[in-house]
1. Modelled label-to-label distance, residue 3 and residue 185, 7 Å Cα→beta-carbon offset: nm?
2. Which of 265/324; 265/338; 268/352; 159/197 have a Cα-Cα distance over 30 Å?
3. Using alpha-carbon pairs under 8 Å, 6+ residues apart, how would you state the relative contact order of the chain in percent?
4. Compute the length gained on full extension between residue 197 and residue 356: take 0.36 nm times their separation in residues and subtract their Cα-Cα distance, giving the result in nm to one decimal.
5. Please give the charge dipole size of segment 152-266, origin at the Cα centre, charges +1 on K and R Cβ atoms and -1 on D and E Cβ atoms. Round to the nearest 20 debye.
6. Can you sort 153, 41, 81, 158 so the residue with the fewest Cβ neighbours within 10 Å comes first?
7. Under a point-charge model restricted to the Cβ atoms of Lys and Arg (+1) and Asp and Glu (-1), what is the dipole moment magnitude of the chain relative to its Cα centre, in debye to the nearest 20?
8. What is segment 24-236's relative contact order, in percent, from Cα pairs under 8 angstrom and six or more apart in sequence?
Amino acid sequence: MNSQYRVPYLGRPLSGVVRPPGSKSITNRALICAAAADGESRLLRALKSEDTQMMIDGLNQLGVSVVWQGDDLVVRGGIASLPMQSVEVFVGNSGTTIRFLSALAAAIGGSYKFDGIKRMRMRPIEDLADALRQLGVKAACGSNGCPPLELASNGFSSKQCSVRGNLSSQYLSGLLMASVASGDEVRISVVGELVSKPYVDITLGVMRAFGATVINKGYRQFESSEDSSYVAARYVIEPDASAASYFFAVAAVTGGSVTVRGLSKDAKQGDVAFCDCLAEMGCTVIYDQDAITVIGGKLNGIDVDMNAISDTVPTLAVVALFAKGPTNIRNVEHVRHKETDRISDLSSELVKLGATVEERQDGLTIIPGELCGATIDTYNDHRIAMSFAVAGLMINGVVINDPVCCEKTYPEFFSDLEKLINQEQV
């Protein structure tokens, strides 16, 4: 792909049907659980992306066989038989890989070093390292509390730990999956507010699908038992709800009608609640058994707490450009520690398109203005690239820098967007 992508300007309603690829969140969780299960598991319609490949490569380095068979991943698990080893794992900029795989490696035992690109060395991981220390693991990270993360472990020698919940729910998710893999009874306490609870629900749901049970005491404490273990499974990965948000946004900003196949109101991923935001803004949302349709309407600004669906903050911020009145997004301070600072950098790009943005530590307010084309910097952040591509359908002259960053979670995004454009109108 070229270093820039000029978004096709439409200036009219766009309607069609699309099915996004498998969920990154579910794929990487299922890979961890399948790796910890004895026997062969098959993950159907798994996501092929940079992030999931980082997880696959890391598991292969640990000695777990993970191979593609068509659109499925076949995992030959069984970490109990893995030898104690010394391994260096490169994770790129994949937060789920370093947080989930390092916790699993600590539960197995051995010596490990996890490192990534420059931005990964700016993403906090000290809270996870501290929780692992409480479990008897030697863990050290950089002086800034970020990777590289080095571990030395004989498994978990302690049975309880606490972890802060306000920075990332992925720390807790990694510890939950590793607790069952350790084969011991482990108690995990959450200190403070737990962000992105729906993602913890995804973790617990995937664990259950692979035979593991954890007692959830009001998201304040979690307990695994010695009797709980993973079993091999055949598991279907549903489409990525965060990726679907861009196509729902297409319907909202163009005034068209877009149907996303493979998702429903009861989807495992909490990000389907993004549709509730669009409904509040003035769209019509139709839920079917295996599809969600969004029909655009006259958009009004809203005030919304997006803590539970924070991956869709860039998507809603772009939709806000086309609304009447301001949109206030709050309680999402933790997105400052994603692939980029998603509050500050998102604000900078919205201003380029004509908005006035009031930035706060925990969010931002978008005040629509006279819209104009611009070249959008993406900060190596796939979600900024995909979100602003939606804006370009209705703002002439939008160019996306570094579109290849979308390979992190959705390599075929621009191709799928163009296929949607080329569908017959319904």
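1. Using points 7 Å along Cα→Cβ, the separation is 6.0 nm.
2. Values: 265/324 27 Å; 265/338 27 Å; 268/352 36 Å; 159/197 23 Å.
The answer is 268/352.
3. Details: 1055 pairs, mean separation 79.2, N = 426.
19 percent.
4. Values: separation 159, 0.36 × 159 = 57.24 nm, distance 3.09 nm.
Roughly 54.2 nm would be gained on extension.
5. On the way: 10 positive and 10 negative charges, 41 e Å.
That gives a dipole near 200 debye.
6. Numbers: 153 21, 41 25, 81 8, 158 14.
Ascending Cβ contact count within 10 Å gives the list 81, 158, 153, 41.
7. Working: 39 positive and 48 negative charges, 27 e Å.
The dipole magnitude comes to about 120 debye.
8. On the way: 506 pairs, mean separation 45.7, N = 213.
Once normalised by length, the contact order is 21 percent.
Readers should treat all values here as calculations from the given coordinates under stated rules, not as data from a laboratory. Please read all numbers here as calculations on a predicted model, not as lab measurements. All Cβ positions, glycine included, derive from the backbone under ideal geometry; neighbour counts span all protein chains shown.
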